[in-house]
1. Given (1) surrounded by 14 or more Cβ atoms within 10 Å (Cβ to Cβ); (2) within 14 Å of another protein chain (Cβ to nearest Cβ), where does residue A:41 come up short, assuming only one miss?
2. Could you grab me the full set of residues in the stretch A:225-261 that are among the basic types (Lys, Arg) and in a helix (DSSP H, G or I)?
3. Go through (1) more than 29 Å from residue A:38 (Cβ to Cβ); (2) more than 9 Å from every other protein chain (Cβ to nearest Cβ); (3) more than 16 Å from DNA strand C (Cβ to nearest atom); (4) modelled with pLDDT of 85 or more for residue B:78 and report which single condition fails.
4. Pairs under 8 Å by beta carbon, first residue closer than 14 Å to residue B:111 by Cα in the stretch A:34-48, partner part of a helix (DSSP H, G or I) and hydroxyl-bearing (Ser, Thr, Tyr), six or more apart or different chains?
5. Restricting the search to the stretch B:129-150, which residues are at the interface with chain A (Cβ under 8 Å from one of its Cβ atoms), assigned to a strand (DSSP E or B) and among the aliphatic types (A, V, I, L, M)?
6. Which numbered condition in (1) surrounded by fewer than 19 Cβ atoms within 10 Å (Cβ to Cβ); (2) assigned by TED's automatic domain parsing to the domain that holds residue A:168; (3) modelled with pLDDT under 90 is the only one that residue A:87 fails?
7. Contact list please: Cβ distance under 8 Å, first residue in the stretch B:1-23 and over 14 Å from residue B:36 (Cβ atoms), second residue away from DNA strand D (no atom under 12 Å from the Cβ) and among the β-branched types (Val, Ile, Thr), pairs at least six apart or on different chains.
8. Given (1) under 19 Å from residue A:233 (Cα atoms); (2) in contact with a strand residue (DSSP E or B) (Cβ under 9 Å, 6 or more places away or on another chain), identify the lone condition not met by residue A:159.
Protein chains: 2
Amino acid sequence: MSSHERWNELLAILARDGKVEVDAVAAELGVSAATIRRDLDHLSRQQMLTRTRGGAVAGAISYDLPLQYKAARHAPEKHRIATAAAALLPPGAIVGLNGGTTTTEVARSLASRADLDRQGGEPSVTVVTNALNIANELVVRRHVKIVVIGGVALPESYELIGPLADGVLREISLDFAVLGVDALDPEGGAFAHHEGEAGINRLMASRAGRVIVVADSSKLGGRAFARICPCSAIDTLVTDRDAPAETVQRFRDAGVDVVQA
Amino acid sequence: MSSHERWNELLAILARDGKVEVDAVAAELGVSAATIRRDLDHLSRQQMLTRTRGGAVAGAISYDLPLQYKAARHAPEKHRIATAAAALLPPGAIVGLNGGTTTTEVARSLASRADLDRQGGEPSVTVVTNALNIANELVVRRHVKIVVIGGVALPESYELIGPLADGVLREISLDFAVLGVDALDPEGGAFAHHEGEAGINRLMASRAGRVIVVADSSKLGGRAFARICPCSAIDTLVTDRDAPAETVQRFRDAGVDVVQA
DNA sequence: TCATTAACAATCAAATATGCGCAAGCTGGA
DNA sequence: TCCAGCTTGCGCATATTTGATTGTTAATGA
């Protein structure tokens with residue numbers, strides 16, 4: 001087990017329990033207490049936690065893990081979904097992306113696809129996003145033009161929200177909006193956990209000519225706190241092959257074009 | 001197998017597993033570990049992955065702050081300047097930060113200043129920035145509230161510029177603007193290499209109650225392409241002790257309060 | 001207040017990853 | 001064909017990580 005994996009594990013325990021104990025974790029991970037202390041000191045220097053005698057307590061990140069850790073869940077499905085979604089976007093498109101692990105994959109896929117069919121040195125795709133991690137990852141790839149919506153940053157999701165973001169979004173138009181959602185229901189529509197995110201996503205969808213929702217099958221058929229939009233506002237859903245046929249049919253009945261990657 | 005094929009393979013493994021291990025991949029692809037290391041270093045320079053001991057992990061999120069200690073030139077000076085500049089900012093301040101290595105150090109210093117620790121759960125400092133790297137680094141640390149100006153991202157500097165950024169900036173006021181500059185002249189004022197950056201920096205300065213310029217001594221006394229503002233618009237200059245006394249005096253004569261860290 | 005005990009910091013040695021120099025092999029052009 | 005430039009693999013010196021040891025510090029309770 002490498003140090004990065006240990007750090008992820010420590011932060012996962014911290015997110016779950018709110019605290020870690022040196023000896024307990026050392027036994028659980030099969031390393032010495034000295035190593036755990038060094039790890040905790042390291043993370044403490046990065047302001048990721050607060051050191052206590054005998055362990056550490058949650059400091060900066062209390063509810064959520066860095067995206068890096070979450071990316072591990074359903075990774076192959078997300079990757080396939082993302083590739084399929086990116087394939088729907090034509091060269092030259094202006095694409096809105098919100099935050100989340102799946103949309104981050106879409107961004108990566110888009111960037112590597114743009115690598116292949118770049119034309120004349122000009123960026124062939126414009127990505128408009130409110131997700132800091134996506135912007136940060138794509139900004140070094142010269143093939144994609146990156147536009148960032150302003151706003152207040154949410155530590156949990158790296159998303160920018162708020163009135164400032166609204167203002168910017170109202171000034172631009174999108175060809176496509178590719179939205180990752182927390183839940184998607186044939187009757188209820190698309191949902192996010194956070195009302196601020198939902199608001200931005202709703203606005204992004206309304207500014208776009210075509211709305212594509214990406215969601216692995218575990219998200220289908222449920223609801224979450226804040227509604228983004230009804231299914232009538234969604235043009236295409238990209239999901240994986242594990243989605244139940246009956247659920248897929250209900251989305252199709254609701255007028256959504258379903259793609260199973 | 002060509003190097004391009006290997007890179008694709010490495011990135012594919014990274015997308016699937018979230019990490020790669022040097023020895024495992026070397027065996028799988030039938031090349032030496034040295035080659036894999038060189039490949040990973042190469043991809044790491046392209047920001048496609050983050051190098052770890054024994055392999056690499058996906059994504060831009062790292063638990064390290066390598067720049068703080070490895071930032072190429074004038075690192076100790078920049079660090080001292082940044083600490084001194086951050087010390088000028090009182091709790092509760094709304095602070096504008098532009099991009100650059102020195103301002104990134106200021107951001108880190110702000111994030112770890114103990115007396116600014118959040119009081120009553122609320123972050124006690126608000127950072128307004130157009131630099132993606134600063135926003136991305138600070139967003140996980142809850143000590144500061146992060147507001148990002150929108151705009152088009154410049155790959156060279158990670159800065160957001162353009163009309164969208166202008167629009168957001170016009171809607172807010174700052175207590176302080178902390179600006180890193182490319183050149184600073186007692187008569188000419190502050191300069192940036194890029195006219196887009198200069199425009200945003202100028203606007204940021206005009207929205208701030210107090211303008212603090214951070215610049216190591218190598219930047220003093222020269223000029224660059226695009227002017228940000230005259231010295232009359234600058235309240236404080238924070239620089240290092242290597243600044244020539246005569247130059248410092250000329251800044252003081254121009255009405256700038258000079259701090260040498 | 002003082003003794004006891006657990007946690008800690010400092011240090012060392014072993015294991016292992018890494019970086020560098022160099023030679024061999026390959027590729028593309030003159 | 002030959003050469004220049006590049007990539008690859010190997011060996012060795014170096015750096016980093018880890019676990020153990022030992023002395024020090026801080027919390028607990030009588």
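The values are calculated or read from the model by the stated rules, or taken from the named source; none is laboratory data. For clarity, every value in this text was computed on a predicted model and none was experimentally measured. As a convention, Cβ positions derive from the backbone with ideal geometry for all residues, glycine included, and neighbour counts pool all protein chains shown.
1. Exception for residue A:41: condition (1).
2. From the stretch A:225-261, those among the basic types (Lys, Arg) are A:227, A:241, A:250, A:252; that's our starting set.
Once the filter is applied, which keeps residues that are among the basic types (Lys, Arg) and in a helix (DSSP H, G or I), the stretch A:225-261 yields A:250, A:252.
3. Among (1) more than 29 Å from residue A:38 (Cβ to Cβ); (2) more than 9 Å from every other protein chain (Cβ to nearest Cβ); (3) more than 16 Å from DNA strand C (Cβ to nearest atom); (4) modelled with pLDDT of 85 or more, residue B:78 violates only (1).
4. A:47/B:112
5. If the condition is that a residue be at the interface with chain A (Cβ under 8 Å from one of its Cβ atoms), assigned to a strand (DSSP E or B) and among the aliphatic types (A, V, I, L, M), then B:146, B:147, B:148 are the ones that fit.
6. All conditions are met except number (3).
7. Cβ pairs passing all conditions: B:18/B:57.
8. (1)
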